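In what follows, a structure is listed as structure tokens, so that the remarks can point back to it.
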Amino acid sequence: MPRAHRWLPGTVAVIGVLALLEIASRTGLLPARWFPPMSDVTGRLVGQLGDGRFWTDLAQTLQGWAIGLLIAIVVAVPAGLAIGSSWWLYRALRPVVEFLRPVPSVALIPLAILVYGSGIETKVFLVAFAALWPLLLQMIYGARDVDPVALETARSYRLRRGDTVARVLIPSVLPYLATGVRISSSVALVLAVTAELVVGSPGIGRAITEAQNGGDVELMYTLIAVTGLLGWGLNAVLRRVERPLLHWHASHRLEEVA
Amino acid sequence: MNRRRIGLILEIAVPLLVVAALILWSAGSTSFYFPPVTDMLVTFEQTWLFDRFGSDVLPSLYRLAAGYAIATVVGVAAGVVIGSVPLAARAAEPIVEFLRAIPPPALIPFGILVLGIGDTMKIFVIAVVCLWPVLLNTVDGIRGLDPTLTATARIYGITGRDRLTRVVLPGTGPQIVAGMRTGLSLALIMTVVSELVASTNGVGYFVLQSQRDFAIPQMWSGIILLGVLGYLLNAALGLVERRVLAWHRHATESAR
Amino acid sequence: MNTRTDDNHRPTATDGKRDSVLEVSGLQKTYGSGARATVAIGDVSFDVAKEEFVCVVGPSGCGKTTLLKCMSGLMTPTAGQVRLAGTPVDGPPEQLALVFQDYSRSLMPWLTVRGNIALPLRRRRLSAADRDERIREAVDSVGLTGFTDHYPFQLSGGMQQRVAIARALAYQPDILLMDEPFASVDAQTRADLEDVMLAVRRRYGVTILFVTHDIDEAVYLADRVVVLTQRPTSVHEVVTVDLPADRDQVTTKETAEFTHLRAHIYRAIRRPAA
């Protein structure tokens, strides 16, 4: 199928849905009080781009996302590798990890408020805690998946330890790292926005609540759409970055949406 | 002693040791934020077994179950349709990708605006959020159905309802359950968040309220309850999966 | 009714008037179009008489599977026609069954042996007693008695293929198509399954078109062997197998006639297309 045809149905569907929504709220089929016309929302979105307040909010959301994700990476990658490559640690800690993993991280929100108040610390704590688990699990899988034959081959050729790490260990773990970072990134964004919504840390999430409370419905939809575009964009960027790393590997199958 | 036995002992002993260490370490705690673990457990017993079970746990479970059930039914139904029509899959892709990228809690202000702060709003946001993993996994499953299997159905004239219930849905089962697993943890998250934002009862509400009243052991007991709920719900789905997909587990095992 | 004795006199290609079940005339299949078009099947014509056992052999990659898909209505030919009992095929006909090479993927892994055999029978609207009787007879005749409540993953590859054969037999089609059905089983199992086919053929009086790449198998099983050329495929020759109907893996295969037919077909396949 030619390239143009691949994109056509999706484009038509997006335009169709937007047009339907526009017509529905213009004709009063959907109450305009709750569903403003799409053209107005789009107009607001463009308007926001020139608004300093919008960029500050966006930067604050991204700041919470980035710091929290970074902490998660710094903690989870060495921990996951250690647990995954040591038989003792793996057997000892697996049940603990299995038990803690399904605990909803949002349950810790009241605790975080109590300890850190409503500033950036709360946001970072929640983001880091939630983003930790998917990454930790991916690193454990990754370390356990290093091919024993490849390790023995390295030993039989008397590769130096540094070379073994660089040529055998890192290449086999890299795909898991990439997948883990991508999953953790979307979890991190969810928690950043949640902290802003629930706790009132500054950022896009708090701006959404304020717009809703203030009755500025158009702005509320605009900002919700921005979070969607942000999530989609971050995911697209990470996929882009990981593609050259993974072209030879099929570990995507192991992927779990967190 | 062989490694297998040592492994088993480790798996049982280490979690017990962790709990024991926590109890010992926190025993004399005078910290306001982290009271002794024994206090938390006593409060847990007093609060949840079963004083506030009916007033807070049941409303939360009801919202979770209703939203999750709606998401599963709609997700599988829409997934079967979209997955069976390649054009529909390509048309729906950008819309689904965008909607699913919205951080789920961002939908709560929208829900409050349109539906108020009652159960309807909570069930709605839970359902919307759980919908995507179920839908996307179902679509993947349908598109991944073995061509030999679908050709067999064509040859033997297995069509309509028989095709759906005896060929397509069982064949997609493993993927559907994978989507339901992701959806379940999202459902619990959304139940808690929606109760944190706007509610008059529920476990999430209880935890937040305890924190505001500085009833710290109560707050901790609620957090522990949410952890236990997450674990139990996940385990329950695992049991259902073992029963419904027994053939799949055996088939993949014997293929090894 | 299904048990009939074999009379050792079968219709052959030389008989003028025959009761054809399947007629393939001028079949052609081209993939793609324009400059990139590949002709998979050039021009294939042959027919299969009622209660006849016809094997189709040809060099590897000669489009046997494409041919089978066209005959079973899973694929539309570019030109020519397939007629089943006089009616043109334009989709899988109700009176046709197909046994795939890949048994592990054509059985429903979530259904028992009984469930797999019963599934196609639902459209036949049989009484419960009739249905159970058909299942029992089919299971018995492929030698799976006592395994009806097993799941496919509990059975060996050869036994799984027996289930697929039983499913086709219970369906009681006018014609049974088989696509290299024994290509993925070991040699001993293969010989057993060949004898199962001869037995059920006698018991059910079913018309069979059997595609294989194994010349021994073709000669051992068939009344006639259709030999195909390389791509673009056409019929090179139709060989009548004049061996007695009662065949045996050892004694039949040591007869001069068998060796001669086998060598003849082998040469025909190795010869480049004229």
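The values are calculated or read from the model by the stated rules, or taken from the named source; none is laboratory data. Note that the structure is predicted; figures quoted are calculated from it, not measured. Note that each Cβ is placed from the backbone with ideal geometry, even for glycine, and that neighbours are counted across all protein chains shown. These accessible areas exclude ligands, DNA and RNA; they are computed on the full protein's heavy atoms, side chains included. Shrake-Rupley method; radii C 1.70, N 1.55, O 1.52, S 1.80 Å.
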Original post:
So which residues in region C:77-104 are small (G, A, S), more than 9 Å from every other protein chain (Cβ to nearest Cβ) and either under 17 Å from the mean Cα position of the chain (by Cα) or surrounded by fewer than 16 Cβ atoms within 10 Å (Cβ to Cβ) (or both)?
Top reply: C:A79, C:A85, C:G86
**OP:** Of the conditions (1) over 20 Å from B:L225 (Cα atoms); (2) open to solvent by less than 40 Å² (accessible area, probe 1.4 Å); (3) in a helix (DSSP H, G or I), B:I12 clears all except one; give me its number.
**Re:** (2)
**OP:** Scan region B:87-127 for residues that are in a helix (DSSP H, G or I), without any contact (Cβ under 8 Å) to a residue 12 or more places away in the chain and either more than 7 Å from chain A (Cβ to nearest Cβ) or among the polar types (S, T, N, Q) (or both) and jot them down.
**Re:** B:A88, B:L115, B:T120
**OP:** Of the numbered conditions (1) in contact with a helix residue (DSSP H, G or I) (Cβ under 7 Å, 6 or more places away or on another chain); (2) open to solvent by 10 Å² or more (accessible area, probe 1.4 Å); (3) modelled with pLDDT of 90 or more; (4) closer than 21 Å to B:I155 by Cα, C:V211 fails exactly one; give the number of that condition.
**Re:** (2)
Original post:
Which of the residues spanning region B:135-193 are within 12 Å of the chain's Cα centre (by Cα) and more than 7 Å from every other protein chain (Cβ to nearest Cβ)?
Top reply: B:V177, B:A178, B:G179, B:M180, B:R181, B:G183, B:L184, B:L186, B:A187, B:M190, B:T191
**OP:** Being in contact (Cβ under 8 Å) with a residue 12 or more places away in the chain, small (G, A, S) and open to solvent by less than 20 Å² (accessible area, probe 1.4 Å) is the filter; apply it to region A:91-147 and report the residue that is farthest from the other protein chains (Cβ to nearest Cβ).
**Re:** A:G142
Original post:
Would you pick out the residues in region C:123-159 that are within 14 Å of chain B (Cβ to nearest Cβ), more than 25 Å from C:Q95 (Cβ to Cβ) and not in a loop (DSSP other than H, G, I, E, B)?
Top reply: C:P152, C:F153, C:Q154, C:G157, C:M159
Original post:
Right, B:A66: away from chain A (no Cβ under 14 Å), within 27 Å of B:L237 (Cβ to Cβ) and surrounded by 21 or more Cβ atoms within 10 Å (Cβ to Cβ) or not?
Top reply: no
**OP:** Specify which of the listed residues (C:L121, C:L84) is touching a residue at least 24 places away in the same chain (Cβ under 8 Å) and touching a helix residue (DSSP H, G or I) at 6+ places or on another chain (Cβ under 7 Å).
**Re:** C:L121
**OP:** Quick one: in region A:187-212, of everything that is surrounded by fewer than 24 Cβ atoms within 10 Å (Cβ to Cβ) and within 7 Å of chain B (Cβ to nearest Cβ), which residue is farthest from A:A72 (Cα to Cα)?
**Re:** A:Q212
**OP:** Return yes or no: is B:L196 open to solvent by less than 60 Å² (accessible area, probe 1.4 Å), in contact (Cβ under 8 Å) with a residue 40 or more places away in the chain and within 14 Å of chain A (Cβ to nearest Cβ)?
**Re:** no
**OP:** Show the residue pairs that are 6+ apart or on different chains and have beta-carbon atoms under 7 Å apart, the first residue being within region B:8-29 and facing chain A (nearest Cβ under 8 Å), the second being open to solvent by 60 Å² or more (accessible area, probe 1.4 Å) and of a type in the set (K, R).
**Re:** B:E11/A:R94
**OP:** Among the candidates A:L169, A:L177, A:L238, single out the residue that is over 18 Å from the mean Cα position of the chain (by Cα), away from chain B (no Cβ under 12 Å) and over 30 Å from B:R212 (Cβ atoms).
**Re:** A:L169
Original post:
Condition test on C:L74, is it touching a Ser or Thr at 6+ places or on another chain (Cβ under 6 Å) and either modelled with pLDDT of 90 or more or in a loop (DSSP other than H, G, I, E, B) (or both)?
Top reply: no
Subject >> Count of region B:16-62 residues which are polar (S, T, N, Q) and within 23 Å of B:V192 (Cα to Cα) >> reply: 5
Original post:
In region A:168-175, is there at least one residue being open to solvent by less than 10 Å² (accessible area, probe 1.4 Å) and either under 23 Å from A:L126 (Cβ atoms) or aliphatic (A, V, I, L, M) (or both)?
Top reply: no
**OP:** Report, by residue number, each residue of region C:120-134 that is surrounded by fewer than 21 Cβ atoms within 10 Å (Cβ to Cβ) and not acidic (D, E).
**Re:** C:L121, C:R122, C:R123, C:R124, C:R125, C:L126, C:S127, C:A128, C:A129, C:R131
Original post:
Would you say A:T222 is under 22 Å from B:G111 (Cα atoms), within 11 Å of chain B (Cβ to nearest Cβ) and touching a residue at least 60 places away in the same chain (Cβ under 8 Å)?
Top reply: no
Original post:
Is it the case that some residue within region B:43-55 is within 30 Å of A:N213 (Cα to Cα) and either more than 14 Å from every other protein chain (Cβ to nearest Cβ) or free of Cβ contacts under 8 Å to residues at least 60 places away in the same chain (or both)?
Top reply: yes
**OP:** Give me a count of the residues in region B:15-53 that are outside any loop (DSSP other than H, G, I, E, B) and either of a type outside the set (S, T, Y) or out of contact with any Pro (no Cβ under 6 Å at 6 or more places or on another chain) (or both).
**Re:** 23
Original post:
In region B:120-129, is there at least one residue being farther than 30 Å from C:R167 by Cβ and more than 18 Å from the chain's Cα centre (by Cα)?
Top reply: yes
